[in-house]
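**Student:** The structure's right below; bear with me while I get my questions together.
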Amino acid sequence: MKLVRVLVVIVVVLAAIGYGLLMWPMRELHPVAEPVRGVLAITGARVYVSPDAAPIDGATVVVRDGVIAAVGTGVAVPAGAEVVTCARCVVTAGFWNAHVHLTESKWSGAAWKSAAALEAQVEDMLTSRGFTTVVDVGSNPFDTIPLRRRIEHGELAGPKIYTAGTALYPPKGIPYYLRETLPKWMIRLMPQPATPAEAAADEERNLGRGADVLKLFTGSYVERGTVLPMPVENARAAVEVAHRHGQIVFAHESDLAGVKVAMESGVDVLAHAADTTEGVDDAVLGGIVARHMAMVPTLKMFGTTVTKKDAYLLPIYAEVRRFHELGGELIFGTDVGYMRDYTTEDEFAALAKSGLDGRDMLRMLTVTPAGRLGVLARAGTVEVGKDGDLTVLEGDPMGDVGEFAKVKMTVRGGRVIWRKQVAAP
């Protein structure tokens, strides 16, 4: 009997230790960023204050204690400032990537990995591309939340991260490409609510794990060429919970049926253009616009992970073009993390093929996502009083949109979080 009691105690202690190790990384769900002290001055630049304003040439931008303190010509550089001389470069508000994932195995155990290793990964995927803010639309919160906490506490340099936590899928609706790559135990943990009540409970669970937005698979490729829509009642129940908590909702829609579920349930942002384009006509696109829904095209992802054949890609480009012509809001996002090629040149080229120009793309990268996430009062433009989030480019993308991919420096809150290294002579 004594042995049984000892064994019970051992099991309880081990369970407590295991639970502690699991939950310790989740101890701070919404960390407050460490304040940035000091002054940064970028001089001699062409500054695009906003996507719609004329550029200011030979301008100086001063960021003091994380906030833009001055911008324009004739601005005095404060004594003691870190000065970046930037002749012929271009300064914009910090870029957003509103469709990323932190699902690759290298992010596992982010609570325990070295800061240097994590920072190198963040640089490769995000900050070297100019991103000061990203939206993770589906990852393991036990990796994403610790990474976010360590960035905000200054352990490593990185962007601000909004996260959806775990995406919600239709009943028996895990996409085939995830079933083919993920272990079975992980598949069983992915929410596939069978009823509206379960969908609402799954979203409440996500909220309790630090989620900032909701991601729904309103249309899931359960097999190649076969899309399973989410029951609209389930989607609506989850959306209602998210909206009640002030969150916006992204939907992976895939085809016309998935688009209709997204529209009828009150989704805010389509996380992709629909790549099965049949039936996604002007009436449907106009309905999306009328509901004030936005779209993240993720065009490079389709060509990289599916096929580069024009018969597949050109209808998607046409869909994005027409949505834009009808007045739809577009937001920049690449689906990196799922897509292992992190470069952005092809995304900008594909957007150009879809009829967008440099100012359209700058809007996608700055003011539109900031507005959708409710932070336009402090982000999205280079104005006094706003956060010192800046992207510095080597050249002007208004003449060549490829310049959006040629990043010289990324600044978050007045702190340089990535700088292009100059090759030694």
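**Student:** Can you say whether Met1 is at pLDDT below 90 and either within 30 Å of Val296 (Cα to Cα) or open to solvent by less than 30 Å² (accessible area, probe 1.4 Å) (or both), as far as the supplied structure shows?
**Tutor:** When the stated conditions are applied, Met1 does not pass them.
**Student:** Further question: Would it be correct to say that Arg321 is surrounded by fewer than 24 Cβ atoms within 10 Å (Cβ to Cβ) and touching a residue at least 40 places away in the same chain (Cβ under 8 Å)?
**Tutor:** Against the criterion (surrounded by fewer than 24 Cβ atoms within 10 Å (Cβ to Cβ) and touching a residue at least 40 places away in the same chain (Cβ under 8 Å)), Arg321 does not qualify.
**Student:** Criterion first (of a type in the set (Lys, Arg), closer than 30 Å to Ala379 by Cα and open to solvent by 30 Å² or more (accessible area, probe 1.4 Å)) does Arg149 satisfy it? Break it down into steps so the answer makes sense when it comes.
**Tutor:** Numbers: of a type in the set (Lys, Arg): yes; closer than 30 Å to Ala379 by Cα: yes; open to solvent by 30 Å² or more (accessible area, probe 1.4 Å): no.
No: the conditions fail for Arg149.
**Student:** Considering only segment 290-323, how many residues are touching a strand residue (DSSP E or B) at 6+ places or on another chain (Cβ under 8 Å) and part of a helix (DSSP H, G or I)?
**Tutor:** 6
**Student:** A follow-up question, please. Need the failing condition index for Phe332 against (1) closer than 28 Å to Ala54 by Cβ; (2) open to solvent by 60 Å² or more (accessible area, probe 1.4 Å); (3) of a type in the set (Phe, Trp, Tyr), just the number.
**Tutor:** (2)
**Student:** Do we have any residue at all in segment 115-122 that's free of Cβ contacts under 8 Å to residues at least 24 places away in the same chain, at negative phi, surrounded by fewer than 21 Cβ atoms within 10 Å (Cβ to Cβ) and not aliphatic (A, V, I, L, M)?
**Tutor:** Yes, some residue in segment 115-122 is free of Cβ contacts under 8 Å to residues at least 24 places away in the same chain, at negative phi, surrounded by fewer than 21 Cβ atoms within 10 Å (Cβ to Cβ) and not aliphatic (A, V, I, L, M).
**Student:** From the list Leu29, Leu40, which residue is among the aliphatic types (A, V, I, L, M), under 29 Å from the mean Cα position of the chain (by Cα) and part of a loop (DSSP other than H, G, I, E, B)?
**Tutor:** Values: Leu40 fails: part of a loop (DSSP other than H, G, I, E, B).
Sole residue among the options that is among the aliphatic types (A, V, I, L, M), under 29 Å from the mean Cα position of the chain (by Cα) and part of a loop (DSSP other than H, G, I, E, B): Leu29.
**Student:** Further, regarding this structure: Within segment 96-114, which residues are open to solvent by less than 50 Å² (accessible area, probe 1.4 Å) and not in a helix (DSSP H, G or I)?
**Tutor:** Trp96, Asn97, Ala98, His99, Val100, His101, Leu102, Glu104, Gly109, Ala110, Ala111
**Student:** Given the criteria outside any loop (DSSP other than H, G, I, E, B) and closer than 23 Å to Pro193 by Cβ, does His272 qualify?
**Tutor:** So His272 does not fit the description; no.
**Student:** Within segment 152-171, take every residue that is closer than 18 Å to Asn97 by Cα and of a type in the set (Val, Ile, Thr) and give me the one that is surrounded by the fewest Cβ atoms within 10 Å (Cβ to Cβ).
**Tutor:** Ile161
**Student:** Can you go through Gly165, Gly154, Gly138 and tell me which one is touching a residue at least 60 places away in the same chain (Cβ under 8 Å), closer than 26 Å to Thr344 by Cβ, assigned to a loop (DSSP other than H, G, I, E, B) and small (Gly, Ala, Ser)? Spell out how you get there, then give the answer.
**Tutor:** Details: Gly165 fails: touching a residue at least 60 places away in the same chain (Cβ under 8 Å); Gly154 fails: closer than 26 Å to Thr344 by Cβ.
Every option except Gly138 fails the conditions.
**Student:** Is it fair to say Val62 is touching a residue at least 40 places away in the same chain (Cβ under 8 Å) and either open to solvent by less than 50 Å² (accessible area, probe 1.4 Å) or not small (Gly, Ala, Ser) (or both)?
**Tutor:** The answer is no for Val62.
**Student:** To continue, here is another question. Do we find that Thr277 is out of contact with any Cys (no Cβ under 7 Å at 6 or more places or on another chain), surrounded by fewer than 21 Cβ atoms within 10 Å (Cβ to Cβ) and under 21 Å from Val100 (Cα atoms) in this structure? First the steps, then the outcome.
**Tutor:** Values: out of contact with any Cys (no Cβ under 7 Å at 6 or more places or on another chain): yes; surrounded by fewer than 21 Cβ atoms within 10 Å (Cβ to Cβ): yes; under 21 Å from Val100 (Cα atoms): no.
No: the conditions fail for Thr277.
**Student:** Hey, among the residues in segment 197-230 that are closer than 21 Å to Leu256 by Cβ and among the basic types (Lys, Arg), which one's surrounded by the fewest Cβ atoms within 10 Å (Cβ to Cβ)?
**Tutor:** My answer is Arg224.
**Student:** Looking only at segment 180-196, which residues are at pLDDT 90 or above and open to solvent by 40 Å² or more (accessible area, probe 1.4 Å)?
**Tutor:** Within segment 180-196, Gln192, Ala194, Thr195, Pro196 meet the criteria.
**Student:** Could you grab me the full set of residues in segment 290-308 that are under 13 Å from Ala262 (Cβ atoms) and crowded, with 18+ Cβ neighbours inside 10 Å?
**Tutor:** Residues satisfying the conditions are Met293, Ala294, Met295, Val296.
**Student:** Looking at segment 34-57, is at least one residue touching a helix residue (DSSP H, G or I) at 6+ places or on another chain (Cβ under 9 Å), more than 18 Å from Met361 (Cα to Cα), open to solvent by 40 Å² or more (accessible area, probe 1.4 Å) and modelled with pLDDT under 95?
**Tutor:** For segment 34-57, residues touching a helix residue (DSSP H, G or I) at 6+ places or on another chain (Cβ under 9 Å), more than 18 Å from Met361 (Cα to Cα), open to solvent by 40 Å² or more (accessible area, probe 1.4 Å) and modelled with pLDDT under 95: present.
**Student:** Find the residue count for segment 55-95, including only residues that are of a type outside the set (A, V, I, L, M) and part of a strand (DSSP E or B).
**Tutor:** Within segment 55-95, the first condition is being of a type outside the set (A, V, I, L, M), and the residues that meet it are 55, 57-58, 60, 64-66, 72-74, 78, 80, 82, 85-86, 88-89, 92, 94-95.
Among the residues that remain, those that are also part of a strand (DSSP E or B) are: 57-58, 60, 64, 72, 82, 85, 92, 95.
Adding up the residues that qualify gives 9.
The values are calculated or read from the model by the stated rules, or taken from the named source; none is laboratory data. Quick caveat: nothing in here was measured; it's all calculated off a predicted structure. Don't worry about glycine lacking a Cβ; one is built from the backbone with ideal geometry, like all the others, and counts go over all protein chains shown. In case anyone asks, the SASA skips ligands and DNA or RNA and just uses the protein heavy atoms, side chains included. Shrake-Rupley method; radii C 1.70, N 1.55, O 1.52, S 1.80 Å.
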